[in-house]
Structure formats: C-alpha cells, structure tokens
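Asker: Quick one: this structure, given as structure tokens, is what I'll be asking you about.
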Amino acid sequence: MNVAILGVGTVGAEVANILIKNQKLITARSGKEIKPIIGVVRNLNKPRNTTIPLTDDIQSVINRDDIDVYVELMGGVNEPYRVVSEILKRGKAVVTANKALLAYHRFKLQNLACDTPFGFEASVAGGIPIIKVLREGLSANHILSINGIMNGTSNYILTSMMNGGVKFEDALKKAQELGYAEADPTFDIGGFDTAHKLLILASIAYGVHGNPEDILIEGIERITKEDIFFANDFEYVIKLLAIAKRVSDKIELRVHPALVPKDKMIAKVDGVMNAVSVIGDAVGETMFYGPGAGGSATASAVISDLIDIAREIKFPMLGYKAPLEIMQAELLEQDKIRTKYYFRLKVEDKVGVLAKITNLMSENNLSIDSFLQKPNIKKEDDATLFFTTHTSLEADVKRVMGILKEQEFVKDEPFMMRIES
Ligand code: HSE
C-alpha cells in the first residue's frame, strides 16, 4: 500500500520513519507492506528529519495513480479542505491529523468520503485512541458526558505554573521547543485547539453539528499566580477542560480553564499528557490517558489508521450509518450553563467594599461557598478577594461580572473561572 505524506514536519517525518523502522511488525499486523513513497513540502531547502523522496509539487502527487492513501498533515483549513476533497473525489483514501479541518468540515467530508476510508484518529488527544473508543468500543452506549484535558501545551504550561512556579511565558517557550505547540500557539492557550477536538468527539457521540464559533471557548491567558495561590490553598488544580454533556434534551459544549479538586483522577493528569473521561449509559465511567502531543505519539495514531485501511476494515466515518435520534438536539445556550464559580477581584481595601460585593451577589442569586481576602503588603489600600459560589446560573454570574466591572472600588478587570467537581 503506497502512501503519500502531505506535510513533512515533526509528525510527517515521524510517520515515515516509524513506517520504515517498524516495517516488519506493521506488515504482519496489517497484511500489507505500507510504504511512504513520497512526501510533499512547501520548502525543499529546509532540512527534514527523514529520508523519503520529497517534492514541492502537490498537484503532481494528487494526480499520481500509484498512491493508495494520502496522509494530510499540512495544517490550516481552506487549503487542506480543497486538497482532501479532490483526493476523495478521486476515490483515494485519506488519513488526517488536522482537527481544524474537521472542526469546520467534518460533515461535508463525511458526505464526500461515503465508502472511501477516511481516518482521523490523530486529530484528537494525540496518542490516545479516543476516536476508536467512541466510534467502536463504546458504540453500544448513549454517551452521557465527555470530559477531557485535550491540549498538551496548555496542560504543560498549567502544570509548570502549579508545580514549579514557572512563569506563563517561560512554560510556553519550553512547550514550543519540545514541539508540542501549534504553529500559532494562541490556538493552544486560547482553547481553540481543544474546542476543535471537542467538536470532533461530540459529533461522534451526539452527531452534533456546529462550528467553534457556536460554543463557549475561554483560554488560560488570564490565569495569574494569585489563582495558583488560591487553588493550592483550597486543594484544587487548574486544568483547561473540554466538556460535552447531555442536559435533558440539549447538548452542552464548553472549553475553559477550571478549578478541579486535587483528588479527582483528571486533576492528576500533568505535563503534556491528555486524558478523556467518557460516561456511557451502559458502561459507566471510563477514562483514557496518554500523550496528547508530540511527533511520535501523533504518528502512532496516524499509522493505526493506515493499518485499518490496509486491513480493509470499514467504519462509518463519524460512527453511524443512519441518523442518530440525538442529532435533533440543539446546543444548550451558554447563559443556561449551571456550575460552581470562582471570582478573583482586586479592590480598594476600605469600609463597606466587601458588604457591597456580597449584597450584589445575593441580589443576583449567587450563594457564596468560600471566601478569602489577601491583603497587599506593599500597597495597603489594595486587597485581592477570592470567592467561590455554590452551583449557579451562568447568566447570573455574567450579570454580576458586568456590574462589578463598573464599580469604582474594583481596580482590575474582575476574573471568573468555573469549578468542576
Ligand atoms: N498543540 C497540540 C497540543 C498538539 O498541544 O496538544 C496536538 O493537537
């Protein structure tokens, strides 16, 4: 089985190298020799970590008759969509790790692919076979929820900040050096990469349509050492979470940093590791853990798709052959989210400020669960206040945040984070 690799960066080079290095094993497992015969790159002068032949002429590779599967690792959305569509129209199989492509075009690609194999295991959580879990292993279940840490870069940064007191910028730089981050790291830290992955999983679990613009996405950029201080003091860790769940007849999808109690399994997922918990109505809770980024972990997932194609195993791309009943469900409106909340406020430390804030909270249905005041030793008329609430409605929290922002005694933009226990 001849393979062309479109995009020979960190992952592409690893795909070629593992196919060569583990050739005997892969041939035994797949029943065919899987050969990377050509790679396509934009810049032929850049040194590459592999010995396969390279070209910068993508069209000549698309037009070749001797290629059976195309591995798309180009990055971006529009150009890969054009290229992959053309390949599928030619009836050739595709394997991709491109979550942004799928976040926007998965249903169109499914229609185009029909019976042509289309693998995308590497698009979510790197080396964790979570697509297979949802599409195959748990296919008997109604999926009640998916909860995950699905961005290695953000988890690496948050872990370095929590455990090592490392500054945000330094941790990001290190993640980039280690090859975890996206070309544009705002995708990682802004939550967009996680949102792309969540949409892919939710389309298998629930058949939900929707683009990243339709769901709640918040990143980790505003987390400060004061939040880390509060989390440590109150036995929480901070994680960038992806959450999908059924809420009566709606589907709730959201991505944001959250305070998670230290004793939860997901709180122990550190560094570049990812984890996804899936609750099914028959199986109960299952949890999957593994490396979420990095060349060889992602290449491992790409090659598992190539092996499935060589074995001629056919799966419906998104895991269903007829529409799912749940596909009628709409996305839950963001204002209707219900969870617990954390606030950090920098205020003037003077008479009546705390009373005004707690009154405002009670007038807007927010019940306080815990409170901490951290005086500023250097500047005595300032203090940082931390509150957590009992389960509240997002609309109430947003209203309170808006009012607080306008108060004279509030010094900085108030900060809010959700608590997932
Ligand atoms: N930049 C991604 C991450 C790579 O950090 O998880 C895998 O999608």
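The values are calculated or read from the model by the stated rules, or taken from the named source; none is laboratory data. What you see is a predicted model, and the numbers here were worked out from it, not measured in a lab. As a convention, Cβ positions derive from the backbone with ideal geometry for all residues, glycine included, and neighbour counts pool all protein chains shown.
Asker: Select, from 103, 93, 97, 140, the only residue that is among the aliphatic types (A, V, I, L, M), more than 17 Å from residue 6 (Cβ to Cβ) and assigned by TED's automatic domain parsing to the domain that holds residue 15.
Answerer: Checking each option against the conditions leaves just 103.
Asker: Could you tell me which numbered condition residue 41 fails, if it satisfies all but one of (1) under 28 Å from residue 313 (Cβ atoms); (2) modelled with pLDDT of 95 or more; (3) not polar (S, T, N, Q)?
Answerer: Failing condition for residue 41: (1).
Asker: For segment 220-227, check the following and say yes or no: at least one residue is touching a residue at least 60 places away in the same chain (Cβ under 8 Å), closer than 30 Å to residue 373 by Cα and within 16 Å of the ligand (Cβ to nearest atom).
Answerer: Yes, segment 220-227 has at least one match.
Asker: What pairs come up if the first residue lies in segment 119-130 and is modelled with pLDDT of 95 or more, the second is β-branched (Val, Ile, Thr) and within 10 Å of the ligand (Cβ to nearest atom), and their beta carbons are under 6 Å apart, counting only those six or more places apart or on different chains?
Answerer: Partner pairs satisfying both residue conditions: 122/298; 130/124.
Asker: Then there is this: I want to confirm something. Restricting to segment 372-395 and keeping residues that are over 16 Å from residue 410 (Cβ atoms) and among the hydrophobic types (A, V, I, L, M, F, W, C), which single residue is farthest from the chain's Cα centre (by Cα)?
Answerer: 377
Asker: Does any residue of segment 249-267 turn out to be at positive phi and either aromatic (Phe, Trp, Tyr) or part of a loop (DSSP other than H, G, I, E, B) (or both)?
Answerer: no
Here's the yes/no breakdown for (1) over 25 Å from residue 245 (Cβ atoms); (2) buried (at least 19 other Cβ atoms within 10 Å of the Cβ):
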{"site": "73", "(1), (2)": "yes, yes"}
{"site": "77", "(1), (2)": "yes, no"}
{"site": "103", "(1), (2)": "no, yes"}
{"site": "108", "(1), (2)": "yes, no"}
{"site": "125", "(1), (2)": "no, yes"}
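Asker: Hey, another quick one. For residues that are hydrophobic (A, V, I, L, M, F, W, C) and within 13 Å of the ligand (Cβ to nearest atom), tally how many sit in segment 100-130.
Answerer: Qualifying residue count, segment 100-130: 10.
Asker: Specify the residue that is surrounded by the fewest Cβ atoms within 10 Å (Cβ to Cβ); the eligible residues are those in segment 167-184 that are in a loop (DSSP other than H, G, I, E, B) and near the ligand (Cβ under 8 Å from one of its atoms).
Answerer: Of everything passing the filter in segment 167-184, 182 is surrounded by the fewest Cβ atoms within 10 Å (Cβ to Cβ).
Asker: Sticking with this structure for a sec: Criterion first (under 18 Å from the mean Cα position of the chain (by Cα), closer than 19 Å to residue 124 by Cα, within 16 Å of the ligand (Cβ to nearest atom) and part of a loop (DSSP other than H, G, I, E, B)) does residue 242 satisfy it?
Answerer: Spelling it out, it is not the case that residue 242 is under 18 Å from the mean Cα position of the chain (by Cα), closer than 19 Å to residue 124 by Cα, within 16 Å of the ligand (Cβ to nearest atom) and part of a loop (DSSP other than H, G, I, E, B).
Asker: State yes or no: is residue 359 loosely packed, with under 13 Cβ neighbours inside 10 Å and of a type in the set (S, T, N, Q)?
Answerer: yes
Asker: For segment 21-44, state whether one or more residues are over 30 Å from the mean Cα position of the chain (by Cα) and over 26 Å from residue 311 (Cα atoms).
Answerer: There is at least one residue in segment 21-44 that is over 30 Å from the mean Cα position of the chain (by Cα) and over 26 Å from residue 311 (Cα atoms).
Asker: When segment 273-292 is examined, which residues are found to be under 20 Å from residue 156 (Cα atoms) and in contact (Cβ under 8 Å) with a residue 60 or more places away in the chain?
Answerer: 273, 274, 275, 276, 277, 288, 289, 290, 291, 292
Asker: Another question about this same structure. Please give the number of the condition residue 164 fails out of (1) modelled with pLDDT of 95 or more; (2) farther than 24 Å from residue 73 by Cα; (3) loosely packed, with under 15 Cβ neighbours inside 10 Å.
Answerer: (1)
Asker: In segment 141-157, which residue that is more than 12 Å from the ligand (Cβ to nearest atom) and among the hydrophobic types (A, V, I, L, M, F, W, C) is nearest to residue 129 (Cα to Cα)?
Answerer: Going through the qualifying residues, I end up with 146.
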